[in-house]
């Protein structure tokens, strides 16, 4: 018998993660997504900017662009989805958020228990500010006309109610799309930070590891973040830790009863 993500006191097989499980024949779907957040790119060099504050709410309220100045994902799906989208870019360290003072001073910037405003600049995180969108393009490193057109198109879609017609489409039922219209205008270089993978090992309700034919692997159990099929999906959803703790308890009871 073995359980969890570390050694088992029962002397059986130990499950170290999805890779080990795969070698034993376990089904391991969904390894292409992770649970994580968007952070200031300066978190790559400073522990003061990790693990808080993260900037998911600002990204979901504004626009996120790649190194070429193009939107590449639906910001309305939130920070976890956007983190995955950033990680898939050809240049994962080339993404930037563009927003305005209203977002920075409003709920997206200040609403979290550990808010980016004012914690991020206080910790040394980069926040570009400019009086016009054209001036903001310089620090980002893209053509002023490109950024002006992008922001104007986005603002017009908010007014017209046509965010779904943008490319890529932008939804607004989960997170409000804030206009970028109140100077000073802001830009923040960002990066994706991974907390844990969302895919992993397929188990039954008692935490028994299932193989690719949905048959339990004798004596093998898994729980916690190694378990797949609970989180993830097309929009990289997250269900929280309680269900994982429940599976861990059921696995422990099944092991004890064996």
Fill in the blank from the handout: residue 176 passes all but one of the listed conditions (1) over 19 Å from the mean Cα position of the chain (by Cα); (2) in the same structural domain as residue 91 (by TED's automatic domain parsing); the exception is number (1)
Exercise for the section: For residue 146, indicate whether it is outside any strand (DSSP E or B) and in the same structural domain as residue 41 (by TED's automatic domain parsing). Expected result: yes
Practice task
Among the numbered conditions (1) out of contact with any strand residue (DSSP E or B) (no Cβ under 9 Å at 6 or more places or on another chain); (2) in a loop (DSSP other than H, G, I, E, B); (3) at pLDDT 80 or above, tell me where residue 234 comes up short.
Solution key: (3)
Problem - Test: residue in the stretch 162-171 that is surrounded by 20 or more Cβ atoms within 10 Å (Cβ to Cβ), in a loop (DSSP other than H, G, I, E, B), under 18 Å from the mean Cα position of the chain (by Cα) and in the same structural domain as residue 54 (by TED's automatic domain parsing) - result: yes
Practice task
Could you tell me whether residue 225 is part of a loop (DSSP other than H, G, I, E, B) and either surrounded by 22 or more Cβ atoms within 10 Å (Cβ to Cβ) or within 27 Å of the chain's Cα centre (by Cα) (or both)?
Solution key: no
Handout entry: All positions within the stretch 83-93 that are without any contact (Cβ under 8 Å) to a residue 60 or more places away in the chain and in contact with a helix residue (DSSP H, G or I) (Cβ under 9 Å, 6 or more places away or on another chain)
Key = 85
Exercise for the section: Of the numbered conditions (1) in a helix (DSSP H, G or I); (2) touching a strand residue (DSSP E or B) at 6+ places or on another chain (Cβ under 8 Å); (3) more than 25 Å from residue 194 (Cα to Cα), residue 153 fails exactly one; give the number of that condition. Expected result: (2)
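The values are calculated or read from the model by the stated rules, or taken from the named source; none is laboratory data. These figures come from a predicted structure and were not determined experimentally. Every residue, glycine among them, receives a Cβ derived from its backbone with ideal geometry; neighbour counts consider all protein chains shown.
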